[in-house]
């Protein structure tokens, strides 16, 4: 058995082991790599930056813990940027395990906001986030399409109370906020087909500015919606999150993870090349 | 149970206990509930490693983690559905007494369907929901077909409009792109010559790719004419376009999977082992 035959019969567990080793080693050795910003990510950042203090945005946390690694960094970066700019944020989740994700994000960002920080040369003073004044967490309701349509009529229709049981009419921030008409943009962090529903039933029906943050697996499928103008921005996977962190000058786990991505991808490309070379050589040998 | 498995289980139990103790000790000065936090982080690490162990081969630890996940998810979803929809949406609008019982504020609903008498509209989904549960009965199981038909009909109607609007009309209209640009000189034509910029040349090139890609992709799926000659050539270009699309999608998938691995590594090395800051 020569080297090419060995390549063809390589146990896949060696590939797993090699990729895991490369990931662990690059994770433990700190170094940085350059992040290139794409227009579809920058347009989200620019849109949030263009909003004034007191404007409302809606962040839809439509993912479960299985997509946490990719989507949490996006949520953190955008929510922190919004709160530093003193925007009013409405959180909602249309994913059944989403409440835990949103709750964790709100608590962590609240902690981060207690410290004075400088982003892109602007120093933001420390502030205390107040539930009902600075943000509202509506919670979770099943059947995303119906909830999205319901919120278009009145937030109180699918969510008579917020996640913590306070009636929406008793929440100071929700006074005069009826539906999407009062919202400057919706940013959906999605790990499933909820993104389709936001596009069809939300943006298609109510015509609000919509941006998507999504898992890498979904990324390529949603570029046609960007091209058609149905979404004004798109962040795909950890790379999209890293770009946003870079734009917001708020380095986090996404930028940290990029060096692992880089070397893991190199390893995978090498294995693909090895497999193809082995295949071509052994096929030629058989033909001879 | 084999002797090897007993030794393995004992080893895992010892490692788990040591990790729990060490983790709790490290959290001692940060949290009051450091023992439970230590347990939860250790359990999460154990479950992560159990799932990852499947990469080597199927084993009892993987099976345990998988079954635990399925069971917990089902129970969580069911209880969440009850508390968020039945208690969260229905009860407050239905009755003052029931609202008080479940400790949720009663809502005088101003958004009800006024074509029906007060509160009656809320009983329709309740009845349909109960009928759906009749599936559990062998004799009366057929009744569940009625609410199911309602769900299928509603979903089909909603999706028809949805696809027609966002995935058909909008997508077709977005392929009507200008294939030529106003000539404003060589300098303007080749300005911003990179893939991220929108200079005249890049825009025009992108529009041609969209035009040819859509046309050839459609030709590939046109089966009423034999794929020969110009038609066959366009079909082959269509295959290439599809392959490139699948390749881009696969590339994104690989990136997504590595991202998930990065997430788990962050948990193991940062939250559990605290090897990195």
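Each value in this text was obtained by applying a stated rule to the coordinates, not by laboratory testing. Please read these numbers as outputs of a predicted model, since none were measured by experiment. With ideal geometry, Cβ positions are generated from the backbone for all residues, glycine too; neighbour counts draw on all protein chains shown.
What to note about this one:
- Rounded if a/c under 1.5, otherwise prolate or oblate - chain B, Cα gyration tensor axes: oblate
- Under 14 Å from a label point set 7 Å out along the Cα-to-Cβ vector of residue A:169, the amide N atoms of region A:118-155 belong to A:155.
- Shape of region B:177-272, Cα gyration tensor, a/c cut at 1.5: oblate
- Partner chain coverage, peptide A:216-225 - average Cβ within 10 angstrom: 6
- Volume per residue of the convex hull around the Cα atoms, evaluated for region A:169-250, comes out as 122 Å³.
- With neighbours defined as other Cβ atoms within 10 Å of a residue's Cβ, the residues A:13, B:93 order from fewest to most as A:13, B:93.
- Taking only the Cα atoms of region A:34-250, the radius of gyration and Dmax are 15.8, 47 Å.
- All Cα-Cα distances of region B:1-57, cut into 5 Å bins from zero to the largest, leave 4, 19, 20, 22, 16, 10, 6, 3, 1 percent in each bin in turn.
- Kirkwood-type hydrodynamic radius, the protein assembly as shown: 27.2 Å, calculated from all non-identical alpha-carbon pairs.
- The long axis of helix A:12-28 is offset from the longest Cα principal axis of chain A by roughly 60 degrees.
- Ranked B:224, A:95, criterion: other C-beta atoms within 10 Å, fewest first: B:224, A:95
- Peptides ranked, highest mean first, by Cβ atoms within 10 Å: ranges A:2-10, A:230-238, B:258-266: A:230-238, B:258-266, A:2-10
- Tensor-based shape of region A:102-220 (alpha-carbon gyration tensor, a/c under 1.5 rounded, otherwise prolate or oblate): oblate
- Cβ-Cβ FRET estimate between residue A:130 and residue B:40, R0 fixed at 22 Å, reported to 0.05: 0.15
- Cα→Cβ-extended label distance, 7 Å offset, between residue B:203 and residue B:218, nm: 2.4
- Percent antiparallel among DSSP beta bridges (both partners in chain A, rounded to 5): 15
- Net length gained if the chain between residue B:274 and residue B:75 were fully extended (0.36 nm per residue, minus Cα distance): 68.4 nm
- At R0 = 41 Å, FRET efficiency that the Cβ-Cβ distance of residue A:49 and residue B:150 yields, to 0.05: 0.35
- Residues of region A:234-268 with an amide N closer than 17 Å to a point placed 7 Å from the Cα of residue A:221 along the Cα-to-Cβ direction: A:234-238.
- When each of B:66, B:108 is scored by the number of other beta-carbon atoms lying within 10 Å, the sequence from fewest to most is B:108, B:66.
- Here the label points at residue B:33 and residue A:104, each 7 Å from Cα along the C-beta direction, are separated by 1.5 nm in the simple model.
- Per-residue mean of foreign Cβ neighbours for A:189-197 is 1 (Cβ atoms of other chains, 10 Å radius).
- Relative to the longest principal axis of the Cα atoms of chain A, helix A:39-50 runs at roughly 20 degrees.
- Modelled this way, with points 7 Å down the Cα-to-C-beta line, the labels at residue B:246 and residue A:179 are 4.3 nm from one another.
- Calculated FRET efficiency for the pair residue B:51/residue B:21, C-beta based, R₀ 25 Å, to 0.05: 0.55
- Nearest-ten-degree value, helix A:253-287 long axis tilted from longest Cα axis of chain A: 30
- For the peptides A:117-130, B:200-213, residues were scored by their other Cβ atoms within 10 Å and the scores averaged per peptide; the highest-first order is B:200-213, A:117-130.
- Rg to Rh, two decimals, where region B:54-172 supplies the alpha carbon set and Rh follows Kirkwood: 1.12
- For residues of A:256-267, the mean tally of beta carbons on other chains within 10 Å: 3
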